[in-house]
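Peer 1: Before I ask anything, let me first share the structure, which is written out below as structure tokens.
The values are calculated or read from the model by the stated rules, or taken from the named source; none is laboratory data. Given the structure is predicted, the values throughout are model-derived calculations rather than measurements. Neighbour counts run over all protein chains shown; Cβ positions are idealised from the backbone, glycine included. When the accessible area is computed, the model is the full protein with side chains, heavy atoms only, and any ligands, DNA or RNA have been set aside. Shrake-Rupley method; radii C 1.70, N 1.55, O 1.52, S 1.80 Å.
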Amino acid sequence: MLTRRRVLGSALAAPAILRFGTGTAHAATRLKISHQFPGGTIDKGDFRDRLCRTFAQEVAKRSGGEIAAEIYPNSSLIKTNAQFSAMRKGELDLSLYPLPYAGGELPETNIGLMPGLVSTYDQGLRWKTHPVGKALTDFLADKGIILLSWVWQAGGVASRSRPIIAPEDAKGLKVRGGSREMDMVLLTAGAAVLSVPSNELHAAMQSGACDAGITSSTSLISFRLEEVAKSLTSGAGASYWFMLEPLLMSKASFDKLPKNQQDIIRVVGADLEAFAKKGAQDDDIEVAKVYEKAGAKVSALDAATVAKWRDIARDTAWKDYSAATATSANLLKLASDVAA
């Protein structure tokens with residue numbers, strides 16, 4: 001039986017390239033889609049890989065085979081952190097990419113993981129239709145990136161030792177936060193921080209270089225962190241950690257396409273947002289089952305605890321981000337105006 005686990009395990013061992021499109025060899029447009037997540041099938045495995053495969057299948061179908069796409073999971077084409085820059089240069093067509101991973105290159109993108117700023121999926125998805133959405137998409141377009149699908153994910157904490165629930169629980173531990181701003185909050189709470197992409201967390205925790213990792217529910221499952229964790233703090237009911245992890249496209253690649261193909265790509269990207277929300281929320285529930293089965297202690301967050309993290313973030317990360325650039329200050333103000 002082809003289980004989700006077996007799909008993920010085999011995909012980690014052997015990166016695959018999947019081509020979509022009739023008559024691929026003669027297609028008018030061939031696109032390369034890279035991401036860091038384990039490969040699976042169109043209906044099994046990490047929902048982010050499945051989203052990319054569904055996108056490729058749909059654009060091929062709706063274009064009558066004029067658009068063909070190749071999927072490169074596991075960062076098998078381009079290393080994780082280099083994918084954003086590669087899109088800006090036109091060297092990569094698309095990536096499902098954690099936006100704050102680009103923070104070293106464009107600090108404004110750290111808005112995609114600002115602790116305590118987004119507290120529900122609906123709040124995050126409302127950005128698209130509020131002024132913050134236009135401001136962010138315009139900023140990205142000016143930097144060579146088109147945002148096609150708004151994908152938000154809640155996160156939790158996998159720990160090799162004690163649970164990290166309240167900020168004081170992180171004191172003395174080496175923790176991966178996932179963004180510069182999350183790291184600032186952790187440092188204020190007394191933790192040491194480690195900056196690695198989520199696909200390197202398992203090795204870091206296994207070696208002892210990292211005591212705990214904060215990442216999305218999907219990554220907590222897909223990267224098998226239950227194998228190296230004794231406790232999990234779930235973000236299913238409440239979370240201070242919401243990451244914007246959209247499907248992005250190189251503007252250079254997009255601008256080369258005829259308008260009918262551009263329209264197809266934009267429509268398919270928007271159509272997949274409901275799929276992404278469901279996939280993320282399903283994994284918020286599934287992650288507790290996976291960790292309980294592995295023998296880990298599972299804890300939950302409540303509103304009062306989330307507020308403690310948010311209070312630290314407002315005094316540290318929010319202020320630091322707002323002071324970085326005029327664009328950062330505007331994005332934070334506009335995002336703060338979107339009600340939870």
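Peer 1: Distance check, please: which entries in 259/319; 79/143; 79/134; 143/230; 89/308 exceed 32 angstrom between their Cα atoms?
Peer 2: 259/319; 143/230; 89/308
Peer 1: Given N residues in the chain, what is its alpha carbon radius of gyration divided by 2.2 N^0.38 Å?
Peer 2: Here the Cα radius of gyration is 0.95 times the empirical estimate.
Peer 1: Counting each DSSP H run of 4 or more residues in the chain as -39500 (n - 2.57), what helix-only mean residue ellipticity at 222 nm follows after dividing by all residues, to the nearest 500 deg cm²/dmol?
Peer 2: Using -39500 (n - 2.57) per qualifying helix, the result is -12500 deg cm²/dmol.
Peer 1: Principal axis extents for segment 109-262, Cα atoms only, whole Å, descending order, please.
Peer 2: The Cα atoms of segment 109-262 stretch 54, 28, 24 Å along their principal axes.
Peer 1: At 7 Å along Cα-to-Cβ for each site, give me the label-to-label distance between residue 143 and residue 256 in nm.
Peer 2: If labels sit at residue 143 and residue 256, their model points lie 2.3 nm apart.
Peer 1: Excluding same-chain residues fewer than 8 positions from residue 278, which lysines have a Cα within less than 18 Å of its Cα?
Peer 2: Counting by Cα, and skipping residues close in sequence, residue 278 has these lysines nearby: 44, 128, 289.
Peer 1: Here's something else I'd like to know. Could you work out what % of the accessible surface of the chain is carbon and sulfur, using a 1.4 angstrom probe and leaving DNA, RNA and ligands out of the count?
Peer 2: Here it works out to 52 percent.
Peer 1: While we're here: Taking the Cα centre of each part, how many Å lie between segment 266-329 and segment 51-67?
Peer 2: 29 Å
Peer 1: Working from the pairwise distances between different alpha carbons, so that the mean of 1/r is found and then inverted, what is segment 224-301's Kirkwood radius in Å?
Peer 2: Value: 15.4 Å, from the Cα pair sum.
Peer 1: Right, another one. Excluding ligands, DNA and RNA, what is the solvent-accessible area per residue of the chain at a probe of 1.4 Å, expressed in Å²?
Peer 2: Roughly 39 Å² per residue, with all protein chains present.
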